[in-house]
Number of protein chains: 2
Amino acid sequence: MDTTQRTDQQKSADRRRRELLEAADRVVLRDGPQASMNAIAAEAGITKPILYRHFGDKGGLYAALAKRHTDALLNSLRAALDAPAERRERVEATLDTYLAAIEARPQVYRFLMHPAEGGQVGDQGFDVGKHFAPLLRRMGEELAQVIEDRLDLGPGGQQLARVWGHGIVGMMHAAGDWWLGERPCSRAELVRSLADLLWGRLAAAGDKVGGPGF
Amino acid sequence: MDTTQRTDQQKSADRRRRELLEAADRVVLRDGPQASMNAIAAEAGITKPILYRHFGDKGGLYAALAKRHTDALLNSLRAALDAPAERRERVEATLDTYLAAIEARPQVYRFLMHPAEGGQVGDQGFDVGKHFAPLLRRMGEELAQVIEDRLDLGPGGQQLARVWGHGIVGMMHAAGDWWLGERPCSRAELVRSLADLLWGRLAAAGDKVGGPGF
DNA sequence: ACGTGCGTGTTACTTACGGTAACACCGAGT
DNA sequence: ACTCGGTGTTACCGTAAGTAACACGCACGT
């Protein structure tokens, strides 16, 4: 019958797709975002056209791959954000979760942050702003939602929450990237410094002697 | 004579180099980071090998090009940061300067943020963290220096300043990128919201009724 | 049993780009 | 007149994305 037939095929295709994604994952884990379609196909034991049949183009494969990791990381972050503890404690736990993730698998992290690389055709048309990694955008939106749901920010709070969501995620991202490259301090210290920043220590700090403050 | 000869040649080469950079600038302004070496050479009225003689490889050209814009933007930011005004006013002026710049020339902005794209060979070796746009790193370092110089942060202040420098720049960057894509509010509102975030409104906000705060 | 689709796989190709080698012109110094 | 260094070219290589065309196998209706 048509329905069962379609279901069987669907299941088979889905399993195949997952296998291909896992192969792609291994290659990306080894080669970073430079992983070529040929290499991924070889790792999966097949050839290029099959990849293209499943994912359309490189962007499609990368999007599917990114979605897996992004979903996983976002789940961890949500858990940290939802834990029963004081606000500052939860903020620190969330920061630490993110930093631990990028520390544990830097190649995956690189891939997630710069998935758009290497495309010489087709990418021409998309407007500014879209070039941002989907991970950052999604994290920003989710955090914005949490902020809006839980904090009383008065009138205009919704918009404020969105700005803050993206801003805080960007802060975390940039600081994490820099930290990962230079390792100037421990993870815990970084978390604490960033939380201090969010907690208004910038505004509260006194001027240094000899000039006007920053 | 040898010296004058060398000087003449040097001047000629420098002028040529500047012409080439201006041509490259026009192409990047039109095509964004996807600008190809062929296109740039054509715009300059010459062919590829000349570009390679002047800049080594694509990375060299992009670095030279990025340096121009980065220097220009950093000068504007320094001016805003050094203006004689209250701390918050200067922070807002700096944020606004940055946002006005990326708003005015989005293609250049895109190019500056993702200069490493398109390289399929050679980029393999560089470690995590290096893939960050030089502009962000330089802004982060400069801001860190300003913070360290002007704010009294007590013991460990130097490290704190560096974390904050990169963190604040990342916040500005991410929020700006998101804002540029969605335009959810005016520039002034965005500036105000970000400054509020830096001024500790996150910590000061009350919980919403019905649940624990964020 | 036999063709007929259809999904799965392949080889071989095109196109585009970064980068380079080899050759051509041209003006200055001996 | 002859070389020499700088400027320019054409023509090529290697690699990677993406595609067209062909080949195998397996369930299906007749």
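The values are calculated or read from the model by the stated rules, or taken from the named source; none is laboratory data. Quick caveat, the model's predicted, so the values are computed rather than measured. Please note: Cβ atoms are built from the backbone with ideal geometry, for glycine as well, and neighbour counts cover all protein chains shown. Just so you know, the surface numbers come from the protein's heavy atoms only, side chains and all, with ligands and any DNA or RNA stripped out. Shrake-Rupley method; radii C 1.70, N 1.55, O 1.52, S 1.80 Å.
All but one of (1) modelled with pLDDT under 90; (2) over 17 Å from B:GLY206 (Cα atoms) hold for A:GLY154, so report the exception by its number.
Going through (1) modelled with pLDDT under 90; (2) over 17 Å from B:GLY206 (Cα atoms) one by one, A:GLY154 breaks only (2).
Do we find that A:ASP25 is without any contact (Cβ under 8 Å) to a residue 40 or more places away in the chain, closer than 15 Å to A:VAL108 by Cβ and open to solvent by less than 60 Å² (accessible area, probe 1.4 Å) in this structure?
No; evaluated as a whole, the condition is false for this residue.
When you look at A:ALA35, is it open to solvent by less than 10 Å² (accessible area, probe 1.4 Å) and within 16 Å of DNA strand C (Cβ to nearest atom), yes or no?
No: the conditions fail for A:ALA35.
Where residues in region A:64-86 are in contact (Cβ under 8 Å) with a residue 24 or more places away in the chain and among the small types (Gly, Ala, Ser), which of them is farthest from the other protein chains (Cβ to nearest Cβ)?
A:ALA64
Could you go through region B:185-192 and let me know if any residue there is among the polar types (S, T, N, Q), surrounded by fewer than 20 Cβ atoms within 10 Å (Cβ to Cβ), farther than 20 Å from B:LEU73 by Cα and facing chain A (nearest Cβ under 7 Å).
No, the conditions are met nowhere in region B:185-192.
Output yes when any residue across region A:52-60 is within 25 Å of A:ARG137 (Cβ to Cβ) and in contact with a His (Cβ under 9 Å, 6 or more places away or on another chain), and no when none is.
Yes, region A:52-60 contains at least one residue that is within 25 Å of A:ARG137 (Cβ to Cβ) and in contact with a His (Cβ under 9 Å, 6 or more places away or on another chain).
Across region A:150-167, what is the number of residues that are within 21 Å of A:ALA93 (Cα to Cα) and more than 7 Å from chain B (Cβ to nearest Cβ)?
2
Need at least 2 residues that are under 22 Å from the mean Cα position of the chain (by Cα) per element, so show me which helices (runs of 4 or more DSSP H) inside region A:133-214 make the cut, counting only ones lying wholly within it.
A:134-150, A:157-182, A:187-198
Of everything in region A:43-69, what is of a type in the set (Gly, Ala, Ser) and within 11 Å of DNA strand D (Cβ to nearest atom)? Give them in sequence order.
A:GLY56, A:GLY59, A:GLY60
Under 7 Å between Cβ atoms, at least 6 apart or on separate chains: pull out the pairs that start in region B:87-107 with a residue that is within 10 Å of chain A (Cβ to nearest Cβ) and end on any residue that is not in a helix (DSSP H, G or I).
The qualifying pairs are B:ARG87/A:GLY213; B:ARG87/A:PHE214; B:ARG88/B:TRP199; B:ARG90/B:ALA83; B:PRO106/A:VAL128.
Residues that are within 16 Å of DNA strand C (Cβ to nearest atom) and open to solvent by 60 Å² or more (accessible area, probe 1.4 Å): find the helices (runs of 4 or more DSSP H) completely inside region A:43-115 holding 2 or more of those.
Counting at least 2 such residues, we get A:48-55.
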